[in-house]
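To start, the structure itself, in structure tokens.
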Amino acid sequence: MKEKILVVEDDMDNREVASAILKHYGYQVLEAKEGKEALEMVKKEIPDLILMDMALPGISGWEVTRRLKKDPCTSQVPIIALTAYAMRKDREKAFKLGCEGYLSKPISPQKIIEEVKRVLEEKIASQKSHSSGGG
Amino acid sequence: MQNTEKKELLLDLEEIARISQIKEKFLLELIRETEDLYDVLALRMEELDESMERIKEANFLLEEKVRERTKKLTQANRKLRELNKLKSQFLANISHELRTPLNAIMGFTSLLREGIYGEVIPKQKRILERIHTNAEHLLRLINDLLDLSRIEAGKMSLEVEEVNLEKLVQGALSLIEPQLKKKKLKFTLSIEPDLPLMRADPAKVKQILFNLLENSVKFTPEGEIFLGVKKTKKEGKEFVKITVKDTGIGIAQKELKNIFQEFHQVDGSSTRRFGGTGLGLSIVKKLTKLMGGNIKVKSEIGKGSTFKVYLPVKVEK
């Protein structure tokens, strides 16, 4: 089975679009519809990657990302930030917060899969260099 | 004393008495007249005082009125600013609300088209592509609206950096190429080889290039499109001059001043005939102004149009 990806998105339909694409390409998908739920889920089960809508009601995606990146238990989980509108400022803000990837809506199957693959490959590469450097 | 002497003396005395009588009369007259004058003067003074008082009062009322009007104007101004802010906020919100379902529509359409929910026959695939194209168009309109409202609200900030103009031109061209090919239009590009290094907002320069090209392609049923980029000087300042020329339907002289207005397309039916939102040129003009540049247009019905955008080589934030 392929990697486990947590999709955090408040809109049911947009959540299903992302999940359906990921499932179609063989990934395991977990879903959260708000920031609080996402934080609780990550605490229970650490996913291999998080696809995070930044405009969540309540605790925003920005805040969830900030908390996950601050916590040593979850800081290694790569996050792909998802915003509603392609704005360079959002992209910069996301990378500054420590996000490993960025996507703007509308997401197409091709766009999402390319970015997920890229971020996961980078994660594996950095883990390898980290373990070889450490041992 | 001689009699004659006495007589003369008497005469003199009489004369003196007569003169002093006249003098007294004259003095009395003078006093009376002075008194009269004084009365008149006092009256006038009083009147003047009254006038002054009235003027003061009028002045005060006027000042009061001015103060009141100023206050009202300030209030109205503040209210307008607030309303404008609300409008931008509303547009931003509504854009977000509109985009969410639209993103889902586009997402599901892509999923269906790619066969993720099962096999689709070619005819269905074509229809799904058309749904997607239309949704994309709608999304573009929403994004343009949001851009315009942000520019108007003064919320569109410039992100100035060093710009590789040639790369930007290529980027804009790759976006417009499908439309050029679809209409079989000839395209000529002329970029001056040693362009100065530009400092500007790359995304906005690219948008200007793309919107101008898209506008020309849209209104050119056949023939060619020319894009030229060169440096030029105006009033001692260096500018980059972008020229987009087409052999399209052209614009009548009396319509030229309106083409940069939002939602304006020369012929009401042209939106149906040529598509588009009527926001493209308006955004070009606003972005150009935002970067300290200006835009010129020349056109002739049936022959085509030429748009020239001048952007400062060093855009200031």
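Coordinate-derived values only; no laboratory data. These figures come from a predicted structure and were not determined experimentally. No Cβ is skipped: glycine too gets one built from the backbone with ideal geometry, and neighbour counts run over all protein chains shown.
For the peptides B:186-198, A:89-101, the ranking by packing is A:89-101, B:186-198, with the highest mean count of neighbouring Cβ atoms within 10 Å listed first. Between helix B:165-182 and chain B there is an angle of about 60 degrees, using the helix long axis and the longest principal axis of the Cα atoms.
Just the number, please: percent antiparallel of the DSSP beta bridges in chain B, rounded to the nearest 5.
On the way: 27 of 34 bridges.
Approximately 80 percent, going by the DSSP bridge assignments.
Rank the residues B:Tyr38, A:Tyr102 as a footprinting-exposure proxy: fewest other Cβ atoms within 10 Å of their Cβ go first. Write out the running numbers ahead of the final one.
On the way: B:Tyr38 10, A:Tyr102 20.
In order of increasing Cβ crowding within 10 Å: B:Tyr38, A:Tyr102.
Dipole orientation for the range B:24-104: of the candidates B:Met52, B:Gln75, B:Leu62, B:Gln75 has the Cα lying most toward the positive pole (charges on Cβ; Lys, Arg +1; Asp, Glu -1). Summary of packing: across the peptides A:38-46, B:13-21, the per-residue average of other C-beta atoms within 10 Å ranks them, highest first, as A:38-46, B:13-21. Partner shielding of B:116-128 amounts to 1, given as the average count of beta-carbon atoms from other chains within 10 Å of each residue beta-carbon.
Could you tell me which of the pairs A:Lys2/A:Lys93; B:Lys167/B:Lys204; B:Lys206/B:Lys308; A:Lys69/A:Lys111 are separated by over 21 angstrom between their Cα atoms in the structure shown?
Working: A:Lys2/A:Lys93 30 Å; B:Lys167/B:Lys204 14 Å; B:Lys206/B:Lys308 15 Å; A:Lys69/A:Lys111 24 Å.
Beyond 21 Å: A:Lys2/A:Lys93; A:Lys69/A:Lys111.
The convex hull drawn around the Cα atoms of the protein assembly as shown, when projected onto a plane and averaged over every direction, covers 48.3 nm².
Per-residue shielding of B:96-106, expressed as the average number of other chain Cβ atoms within 10 Å of the residue Cβ, stands at 5. Pairs from the list B:Lys87/B:Lys241; B:Lys286/B:Lys317; B:Lys71/B:Lys286; B:Lys182/B:Lys303 with a Cα-Cα gap above 24 Å: B:Lys87/B:Lys241; B:Lys71/B:Lys286. Round to the nearest 0.05 the FRET efficiency obtained for B:Leu41 and B:Gln2 when R0 = 45 Å and r is the Cβ-Cβ distance. Calculated transfer efficiency: 0.20. Excluding same-chain neighbours fewer than eight residues apart, the aspartates and glutamates reachable from B:Lys230 by a Cα-Cα span under 15 Å are B:Glu166, B:Glu192, B:Asp194, B:Glu238. Ordering B:Asn134, B:Val120, A:Gln76 by the projection of their Cα atoms onto the charge dipole of the protein assembly as shown, which places +1 on the Cβ of Lys and Arg and -1 on the Cβ of Asp and Glu, puts B:Val120 at the extreme positive end.
Here B:Glu114 and B:Glu159 are evaluated by their C-beta separation; at R0 = 30 Å the FRET efficiency comes out at 0.30.
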